[in-house]
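Data block below; observations after.
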Amino acid sequence: MDTPIKEKETPYRAANDPVTVSSASAAGNSMGIGRRRRLAVGLIVILALGLGVYFLAINPRLQNSRELAALAITAGQKTVTVVKPTQSDATAPLILPGNIEANRSASIYARVDGYLKKWYVDIGDHVKEGQVLADIEAPQIDANLREAQAQLELAQANLKLAQTNSTRSQQLFANKVNSQQELDTVVATEQVQQATQDTATASLENAKQMKAYEQVRAPFDGVITARYVDVGSLVTSGSVKTVQKLFDLAQSDPVRVFVNVPQSDVERVQPGSSATVKVDEYPNETFTGKVARDAGAFDQASRTILLEVDVPNPDGRLYAGMYAHVTLSTPNPHPLLYVPDNTILIDSKGTRVATVSADHKIHFKSVTMGRDFGTKSEIMSGLAPGDLIVQNPTDDLQEGMAVSVQG
């Protein structure tokens with residue numbers, strides 16, 4: 001008898017069983033989150049690898065390619081060193097060398113011939129106007145004075161006699177004793193004697209004046225800077241061309257400082273403008289003065305104009321003959337450009353400089369030069385402050401030539 005086979009019973013799960021549904025959903029969500037995380041990590045790794053490959057391999061090759069391309073472009077170009085011109089400050093002071101001279105100076109000579117009897121002053125002495133500097137013994141002048149006095153006395157006696165005769169002759173003529181001719185002769189004689197007396201008076205005044213010249217006097221206040229004679233020396237009247245001078249006299253308050261101003265700076269100095277003076281002997285001091293006058297004409301050899309600066313010198317510390325540095329503080333209306341001397345070309349085409357344009361091409365400019373300071377020169381016109389100037393330009397540079405710039 002057959003035994004009936006029993007089927008395995010499977011527990012029945014209702015579709016709406018809450019426990020069974022929650023477990024399946026949770027398992028599916030966990031699997032999805034894991035896959036997304038793995039995907040994100042993979043993308044990050046791939047991106048990092050890509051960036052690393054770019055910066056470590058691709059970018060250096062691109063950089064190298066660009067440099068090689070630039071080198072290839074400039075391989076056939078000449079390399080030049082450039083420099084920009086420097087510009088003078090519009091308010092920079094103008095410093096020039098100057099010579100200090102006395103305000104007034106004179107060489108004193110004898111006015112009469114004779115021997116030096118006595119001198120009263122020596123070098124360094126301060127004297128006043130009219131002060132006696134020396135006495136001259138002049139016997140001839142004394143004799144001329146005595147003779148002039150005697151001539152005047154004789155003329156006065158003759159005039160007195162002529163006046164007496166004239167008076168008597170007029171009385172006789174009134175009484176019809178003498179003639180008109182006799183009266184005219186007597187009156188004319190009186191007039192001659194009057195003129196003779198006037199001449200004798202003038203001669204006496206001249207002799208007295210020459211006598212006064214026996215005393216040598218100072219023509220103005222100042223300091224004796226030199227004495228050339230001693231007692232007993234023979235002195236003669238005359239000028240510097242014929243005789244020896246007696247003294248040198250100088251007035252040093254104020255002093256006059258003479259400066260040669262270049263033609264390019266003449267607009268910076270005007271009479272009345274201030275100036276300062278320094279001398280090497282007083283390194284920490286400055287002396288203030290004013291521009292008094294200029295010569296009104298340029299020296300053709302140096303193209304400079306002579307300028308005079310008056311500086312007060314009450315204590316006498318500035319001496320005539322000193323070398324000075326004069327600073328003129330007036331502004332420069334036309335600031336100048338300065339370029340190194342090794343940038344200037346002087347040839348048959350004139351004075352030029354080679355400049356490099358914005359597109360790295362050579363362009364020659366004609367310039368007008370000013371003063372040369374040894375290592376640099378002034379450029380009066382033809383150049384702009386922003387120009388790039390080629391240093392040590394060679395003969396192979398041509399107009400419009402492409403170059404590579406350095407410096």
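The values are calculated or read from the model by the stated rules, or taken from the named source; none is laboratory data. Given the structure is predicted, the values throughout are model-derived calculations rather than measurements. Note that we place each Cβ from the backbone using ideal geometry, even for glycine, and neighbour counts take in every protein chain shown. Just the protein is used for accessible areas: all its heavy atoms, side chains included, with ligands, DNA and RNA removed. Shrake-Rupley method; radii C 1.70, N 1.55, O 1.52, S 1.80 Å.
List of remarks:
- Helix axis angle, 59-74 relative to the chain longest principal axis, alpha carbon, degrees: 40 degrees
- Each principal axis of the Cα cloud of the chain was evaluated for its coordinate range; sorted largest first, these ranges are 236, 58, 53 Å.
- Heavy-atom accessible surface of the chain: percent carbon and sulfur, 1.4 Å: 55 percent
- Angle in degrees between helix 180-212 and the longest Cα principal axis of the chain, rounded to the nearest 10: 50 degrees
- Length-normalised contact order of the chain in % [C-alpha pairs under 8 Å, at least 6 apart]: 23 percent
- Which listed pairs, of LYS208/LYS245; LYS290/LYS365; LYS349/LYS376; LYS278/LYS376; LYS245/LYS290; LYS128/LYS290, have C-alpha distances above 30 Å, in listed order: LYS290/LYS365; LYS245/LYS290
- Charge-dipole axis of segment 92-174 as Lys and Arg at +1 and Asp and Glu at -1 on Cβ define it, positive-most pick from PRO93, GLY124, GLN170: GLN170
- Summary of packing: across the peptides 134-143, 175-184, 246-255, the per-residue average of other C-beta atoms within 10 Å ranks them, highest first, as 246-255, 134-143, 175-184.
- Theoretical FRET efficiency, 1/(1+(r/R0)^6), r = Cβ-Cβ of GLN131 and ASP198, R0 41 Å, to 0.05: 0.75
- Net charge contributed by nearby residues that have their C-beta within less than 10 Å of GLU137 (K/R +1, D/E -1): -1
- By average C-beta atoms within 10 angstrom, highest first, the peptides 258-266, 278-286: 258-266, 278-286
- Comparing Cα centroids, segment 204-279 and segment 389-407 end up 61 angstrom apart.
- Acute angle (nearest 10 degrees) that the helix 18-53 long axis makes with the longest principal axis of the chain, alpha-carbon atoms: 40 degrees
- Rounded accessible area per residue of the chain, 1.4 Å, Å²: 64 Å²
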